[in-house]
Every structure is written in C-alpha cells, then in structure tokens.
Amino acid sequence: MLLKDDHKTVEKLFKEFEKVGEQAYKKKQELVGQMIKELATHAYIEEEIFYPAARESVPATSSHILESVEEHHVVVWMLSELSGMDPKDERFDAKVTVLMENVRHHVKEEEEEWFPQVREAMGRKSLQEIGERMEKAKSEAPQDPLALSGADK
Ligand SMILES: [Fe+2]
Ligand SMILES: [Fe+2]
C-alpha cells in the first residue's frame, strides 16, 4: 500500500537521524530536508485524496480523520519551522525529536486504528483506483508545508 510505504520511508529517515552524530550538521540538515519533502507530499495526498474518500466510504471514521487532520496541522507547522532553521540552533534536535514523536504517534493511529476499517469498506478496486490517483498527485504536492490545507486552522 502506497501510504504505508511512505510511512516506512519516513521511518527510515528518522532512524538515520537518530544514528547520526550530534555534530554532523550537514547530514542532519540534509535528512531534515528529506523529511520535509516526504512528509509534505504524504500529507498532501492524504488530505486531498485519501481522507475525503475514507470519510465518504466509512462515515464512522470521521472523528479519527478529524483528529488526524489536527495532527497534520501540528506537523506541518513544525516542518515549516525546521525548513528555515540552522542545524546548530540549540532547539534544532529537540524540534526534530518532537516532530518524530508526533509523526510516529500519528502513523500508529492511522495504521492501527482506522486504515483497516477503510480498507475493508472500500474494497480492492476502489483502493487501487485511489492509490493510482495518489501516485499521480504526488508530483503536484506543494514544497512549502504551509501551503497544505492542513496548515489552515
Ligand atoms: Fe496522516
Ligand atoms: Fe499517513
């Protein structure tokens, strides 16, 4: 599944960040740049395609989805702050740590609490169709995290 693959890609970046030396500023900045790109693209296709489709096919997931949107909101603001931040800033590592905690919690909820219901309700054919739409939409994702709809209150 496309969304779960994205989650894995992001988790790999997190693990790499956790392994890298504290003073590997260039590497840390590079990894954070990749996190911003991956997470902004992922949040975009979820907000524009997957969440609305999931809500339509399983109205009972609405409260989970609304919570997920609020979690995206926090994450995209953190991404935006990180995008202009010097990795030598004393708040840099702490901000990345809290970002990772937030994303891990969010991913766990998606994968364990409501994706399974949606998969079951939608059936293979519509899931495949949505997967194709999301794959195409990736190239349209904004580079600026604050341009995502989840950034709005
Ligand atoms: Fe999400
Ligand atoms: Fe996700």
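The values are calculated or read from the model by the stated rules, or taken from the named source; none is laboratory data. Quick caveat, the model's predicted, so the values are computed rather than measured. Glycine also receives a Cβ, built like all others from the backbone with ideal geometry; neighbour counts cover every protein chain displayed. Calculation scope for accessible area: heavy atoms of the full protein, side chains included, ligands and nucleic acids excluded. Shrake-Rupley method; radii C 1.70, N 1.55, O 1.52, S 1.80 Å.
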Next on the checklist: Taking θ = phi - 60°, what integer Hz values does the Karplus form 6.51 cos²θ - 1.76 cosθ + 1.60 yield along segment 76-87, in sequence order, with x for Gly and Pro?
Outcome noted: 5, 5, 5, 4, 5, 5, 5, 5, x, 9, 6, x
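Can you give the helix-only mean residue ellipticity at 222 nm for the chain, where every DSSP H stretch with n ≥ 4 adds -39500 (n - 2.57) and the sum goes over all residues, rounded to the nearest 500 deg cm²/dmol? Spell out each step's value before the answer.
Numbers: 6 runs with 109 residues, N = 153.
That calculation yields -24000 deg cm²/dmol at 222 nm.
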Next on the checklist: Apply the Karplus curve 6.51 cos²θ - 1.76 cosθ + 1.60, θ = phi - 60°, to the phi angles in segment 106-118 and return the couplings in whole Hz, x for Gly and Pro.
Outcome noted: 4, 5, 4, 5, 4, 6, 9, 9, 9, 4, x, 4, 5
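How much accessible area per residue does segment 18-104 have, in Å², with a 1.4 Å probe? Provide the component values of the computation, followed by the final result.
On the way: 4580 Å² over 87 residues.
Ligands and nucleic acids excluded, the figure is 53 Å² per residue.
Mind putting a number on the dipole of segment 63-115 about its Cα centre? Charges go on the C-beta only, +1 for Lys and Arg and -1 for Asp and Glu, and I need it in Debye to the nearest 20. The partial results should precede the final answer.
Details: 5 positive and 14 negative charges, 48 e Å.
Here segment 63-115 has a charge dipole of around 240 debye.
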Next on the checklist: Tell me the angle of helix 25-45 to the major Cα principal axis of the chain, expressed in degrees between 0 and 90 and rounded to the nearest ten.
Outcome noted: 20 degrees
Checklist outcome for this item: Phi-derived 3J(HN,Hα) across segment 10-23 with the Karplus relation (6.51, -1.76, 1.60, θ = phi - 60°), rounded Hz, x for Gly and Pro, is 5, 4, 4, 5, 4, 4, 5, 4, 5, 8, 5, x, 4, 9
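Find the relative contact order for segment 59-153 and round it to a whole percent, using C-alpha pairs within less than 8 Å whose residues are 6+ positions apart.
RCO, segment 59-153: 49 percent.
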Item to check | Between segment 23-65 and segment 79-147, the Cα center-to-center distance that results, in Å | outcome: 2 Å
